[in-house]
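The values are calculated or read from the model by the stated rules, or taken from the named source; none is laboratory data. Here the structure is a predicted model, which means the values were calculated and not measured. Cβ atoms come from the backbone with ideal geometry, glycine included; neighbour counts cover every protein chain shown.
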Amino acid sequence: MGLKDTFQEVAASKPLFLTIYTTVIVGILVSSFYVFSAAYSAKDSSPTSTSWLSSPPSLSKADFQHLSNYSPVSMHAVTPPSSEPVKPIWEVPPRNTKMPPSKTFRLTKELVLQRAKDNVIIVTFGNFAFMDFILTWVKHLTDLGVSNLLVGAMDTKLLEALYWRGVPVFDMESHMSTIDVGWGSPTFHKMGREKVILIDAILPFGVELLMCDTDMAWLKNPLPYLARYPEADVLTSSDLVVPTVVDDSLDIWQQVPAAYNIGIFHWRPTESAKKLAREWKEMLLADDKIWDQNGFNDIVRKQLGPSVDEDSGLVYAFDGNLKLGILPASIFCSGHTYFVQAMYEQLRLKPYAVHTTFQYAGTDGKRHRLREGMVFYDPPEYYDVPGKYFSGGFLSFKPSIPKSLLFDGQHNIESHFTLINYQLKQIRTAFAIASVLNRTLVLPPLWCRIDRLWFAHPGVLEGSLTRQPFICPLDHVFEIQMMLKELPEEEFGPRINIREYSFLDNPAMPKQVKDSWLNVQSCQVGSKDCQVSNSTNSKGVLRLPRHSNEETLKMVFSNFKDIKVIQFSSMQDAFSGFMEQAREDRFRNRMKRYVGIWCCTDHNPGHIYYDMFWDEKPNWKPLPPQSAADDHPPW
């Protein structure tokens, strides 16, 4: 039946049926229009680059099904569709276009509602010093199929950089410095105040807000989890290091004496939550000496209890009306529960997030930990291209550690330092050979027998799931900031670039690097086929006599400058020294500054300095400084 016949039939019927038929026909036409418009738009907006910096994410079938099944319960209406199409993340602006006017980047309700999905917006913020962290943060979310996010720029340089990368950004009008401000500095505290000001500004827009620090990474879409607790006004992460639950339910609030950590927390736009944000902001603005996280804990814990009900895990807090939930530390991980304990792994759970807390090397340490965990996104040149990140290829080695050093005897300070010192000697040799060959050193995994903290402890925290021994983060022993610092070459010799122990296993490692590999086998002088040679044997292995000096190494490896990765079977006794004493002295100056402290005994002071040249000091023992005069690094 054609449309003409249909209308003639309807015209001959009663007015009521005329109205019904007309409505149906119009609906069909409108729906068809939107379907064809959507199809055309999708075709027209296809990405022109395969780079993750400019391409929208693609969802697998499993991701699509997972997201399709997600229907969060919200106390507020779903965000109405904006008249303006939402630009896909990573879709870069057209070439030869100008930066939009500054008013375009103001934080407005319209902007937030445009980016929100299911009435939820995910927000982080920072300055240009954290550009790579922010790109990593965004990349993880888009890889998970999550696009309802915004980034607050605290300086114009970051604002412009993110805009040209296709990242949704707004101007916080903070006029912040573009450099790393350092934890605990006055500028750091200013950033904390910006966070609460931001929360207080966004909640009145009527959206749920998942606020995050930039030094964390999302490993699993958190939105379905947060939607499981629709009654919660605030859901916060914590610094808890002891599991209170063994599944993925909220931590038991009565068993969380640790600080609530504001690096990851979710706010609903309820009156109680808005009241909390307002009073927290007023507290911080009234006293610039209060750390934002301490202020949050103080105000939230003004009243704590009773439980909201028997099952949810929520607790009444703050003013007695706010419903608070504590995200499980096993899967909303701190730097301790993820990198030290691997709590999620022991409980057979999949983590949602990792936040780089509980570490000892500032921003460089945070970045290195994420790299060790293979959850940091570096540019391609980090893996191969010569230049800032790369020098002459890579050098790695297989560490040799006797089983007795790992497991025999008690896990205490003495056995820990014996284990670490054994590894330090091999790493020191590897640094020397890397310096001679002008190669970037891929560090080995570092094994520890006891934990490191800021206070006296018995080796591991009671109740934690820390295994002994365990692979400890590099910042437990090494001064990563010093390893990456540009030191004067005339005093410390040439810089030696480093990579994390998981570097060669990273999926981002290009094939041309993996396929360019030379195995070097240490051998004893006088043994069969053990002679100085710059050619490999029939198995493609280069045999190198132990105790080779700088001149020998340069001669042997002169034929392998184009090889990307040289891997030694062992570093024990592999190098006998530099040809010039001045070069040796500069190298030693550098090495002495690479190691840090272990902390802590109950002595005052309680820290003990690591010593890269411990083996040259007869009767060296791991003892804390016995006086103020002794309290200095071993140089």
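Kindly indicate the residue of segment 474-488 that is out of contact with any helix residue (DSSP H, G or I) (no Cβ under 7 Å at 6 or more places or on another chain) and touching a residue at least 60 places away in the same chain (Cβ under 8 Å) and also surrounded by the fewest Cβ atoms within 10 Å (Cβ to Cβ) among those meeting that condition.
M482
Let me spell it out: the conditions are (1) without any contact (Cβ under 8 Å) to a residue 40 or more places away in the chain; (2) of a type in the set (S, T, N, Q); (3) surrounded by fewer than 20 Cβ atoms within 10 Å (Cβ to Cβ), and S102 meets all of them except one. Which number is the exception?
(1)
Scanning segment 546-586 for residues that are part of a helix (DSSP H, G or I) and in contact with a helix residue (DSSP H, G or I) (Cβ under 6 Å, 6 or more places away or on another chain), which turns out surrounded by the most Cβ atoms within 10 Å (Cβ to Cβ)?
Checking each candidate, the answer is F557.
Given the residues Q531, Q521, which is the only one that is farther than 16 Å from Q567 by Cβ and not small (G, A, S)?
Q531
Looking only at residues in segment 441-487 that are among the β-branched types (V, I, T) and over 18 Å from S404 (Cα atoms), which one is farthest from the chain's Cα centre (by Cα)?
Among those residues, the one meeting the criterion is V460.
When segment 432-456 is examined, which residues are found to be more than 15 Å from L474 (Cα to Cα) and either surrounded by 18 or more Cβ atoms within 10 Å (Cβ to Cβ) or free of Cβ contacts under 8 Å to residues at least 24 places away in the same chain (or both)?
Kept after step one, since they are more than 15 Å from L474 (Cα to Cα), are these residues of segment 432-456: 432-440, 454-456.
Selection gives A432, I433, A434, S435, V436, L437, R439, T440.
What number of residues within segment 117-160 are under 14 Å from D215 (Cα atoms), among the β-branched types (V, I, T) and in a helix (DSSP H, G or I)?
3
Would you point out the residue of segment 511-531, among those that are touching a residue at least 24 places away in the same chain (Cβ under 8 Å) and surrounded by 13 or more Cβ atoms within 10 Å (Cβ to Cβ), that is farthest from V375 (Cα to Cα)?
By that ranking, first place goes to S522.
Test D378 against the criterion of being part of a loop (DSSP other than H, G, I, E, B), acidic (D, E), in contact (Cβ under 8 Å) with a residue 24 or more places away in the chain and not assigned by TED's automatic domain parsing to the domain that holds P494, and give yes or no. So that I can check it myself, show each step before the final result.
Details: part of a loop (DSSP other than H, G, I, E, B): yes; acidic (D, E): yes; in contact (Cβ under 8 Å) with a residue 24 or more places away in the chain: yes; not assigned by TED's automatic domain parsing to the domain that holds P494: yes.
It is true that D378 is part of a loop (DSSP other than H, G, I, E, B), acidic (D, E), in contact (Cβ under 8 Å) with a residue 24 or more places away in the chain and not assigned by TED's automatic domain parsing to the domain that holds P494.
Might you let me know whether segment 261-281 holds any residue that is of a type in the set (A, V, I, L, M, F, W, C), part of a helix (DSSP H, G or I) and surrounded by fewer than 20 Cβ atoms within 10 Å (Cβ to Cβ)?
no
Report yes if T97 is without any contact (Cβ under 8 Å) to a residue 12 or more places away in the chain and under 29 Å from R268 (Cβ atoms), otherwise no.
Details: without any contact (Cβ under 8 Å) to a residue 12 or more places away in the chain: yes; under 29 Å from R268 (Cβ atoms): no.
It is false that T97 is without any contact (Cβ under 8 Å) to a residue 12 or more places away in the chain and under 29 Å from R268 (Cβ atoms).
Out of all the residues in segment 197-204, is one or more in a loop (DSSP other than H, G, I, E, B) and touching a residue at least 24 places away in the same chain (Cβ under 8 Å)?
At the first step, the residues of segment 197-204 found to be in a loop (DSSP other than H, G, I, E, B) are none.
Within segment 197-204, not a single residue is in a loop (DSSP other than H, G, I, E, B) and touching a residue at least 24 places away in the same chain (Cβ under 8 Å).
If I ask for residues that are assigned to a strand (DSSP E or B) and either free of Cβ contacts under 8 Å to residues at least 12 places away in the same chain or not hydrophobic (A, V, I, L, M, F, W, C) (or both), which ones from segment 299-348 would you list?
Within segment 299-348, G305, P306, S307, Y316, K323, G325 meet the criteria.
Out of Q303, Q346, Q341, report the one residue that is buried (at least 19 other Cβ atoms within 10 Å of the Cβ) and either basic (K, R) or farther than 23 Å from K139 by Cα (or both).
Sole residue among the options that is buried (at least 19 other Cβ atoms within 10 Å of the Cβ) and either basic (K, R) or farther than 23 Å from K139 by Cα (or both): Q341.
Return yes or no: is V112 within 27 Å of the chain's Cα centre (by Cα), at pLDDT 95 or above and assigned to a helix (DSSP H, G or I)? So that I can check it myself, show each step before the final result.
On the way: within 27 Å of the chain's Cα centre (by Cα): yes; at pLDDT 95 or above: yes; assigned to a helix (DSSP H, G or I): yes.
For V112, the condition - within 27 Å of the chain's Cα centre (by Cα), at pLDDT 95 or above and assigned to a helix (DSSP H, G or I) - is met.
Evaluate the following for Y229: is it out of contact with any Phe, Trp or Tyr (no Cβ under 6 Å at 6 or more places or on another chain), touching a residue at least 60 places away in the same chain (Cβ under 8 Å), assigned by TED's automatic domain parsing to the domain that holds I199 and in a helix (DSSP H, G or I)?
no
Tally time: how many residues in segment 594-606 are assigned to a loop (DSSP other than H, G, I, E, B) and either surrounded by fewer than 18 Cβ atoms within 10 Å (Cβ to Cβ) or among the aliphatic types (A, V, I, L, M) (or both)?
Number of matching residues: 6.
Determine if segment 213-224 includes at least one residue that is over 22 Å from G126 (Cα atoms) and not in a loop (DSSP other than H, G, I, E, B).
yes
Output the number of residues of segment 316-330 satisfying the condition of being over 10 Å from S237 (Cα atoms) and either in contact with an Asp or Glu (Cβ under 9 Å, 6 or more places away or on another chain) or surrounded by 22 or more Cβ atoms within 10 Å (Cβ to Cβ) (or both).
Number satisfying all stated conditions: 8.
Any chance you could count how many residues in segment 546-586 are touching a residue at least 40 places away in the same chain (Cβ under 8 Å) and more than 21 Å from S400 (Cβ to Cβ)?
11
Go over the candidates N619, N589 one by one and state the one that is assigned by TED's automatic domain parsing to the domain that holds S522, surrounded by fewer than 16 Cβ atoms within 10 Å (Cβ to Cβ) and free of Cβ contacts under 8 Å to residues at least 40 places away in the same chain. Lay out the reasoning, then the answer.
Details: N589 fails: free of Cβ contacts under 8 Å to residues at least 40 places away in the same chain.
The match here is N619.
Are there any pairs with C-beta distances below 9 angstrom linking a residue in segment 152-166 that is farther than 12 Å from I134 by Cβ to a residue that is among the acidic types (D, E), with the two at least 6 apart or on different chains, and if so which?
T156/D171; G166/E91
Can you work out which of the residues in segment 349-393 that are of a type in the set (D, E, K, R) and modelled with pLDDT under 95 is surrounded by the fewest Cβ atoms within 10 Å (Cβ to Cβ)?
Ranking the candidates gives K388 first.
Using the structure shown, decide if L276 is more than 19 Å from A353 (Cβ to Cβ) and not polar (S, T, N, Q). Please lay out each step first, then the result.
Numbers: more than 19 Å from A353 (Cβ to Cβ): yes; not polar (S, T, N, Q): yes.
Taking the combined requirement at face value, the residue satisfies it.
On the given criteria, is K289 in contact with a Phe, Trp or Tyr (Cβ under 7 Å, 6 or more places away or on another chain), surrounded by fewer than 23 Cβ atoms within 10 Å (Cβ to Cβ) and part of a loop (DSSP other than H, G, I, E, B)?
When the stated conditions are applied, K289 does not pass them.
Does T536 satisfy the condition of being β-branched (V, I, T), outside any loop (DSSP other than H, G, I, E, B) and more than 34 Å from the chain's Cα centre (by Cα)?
no
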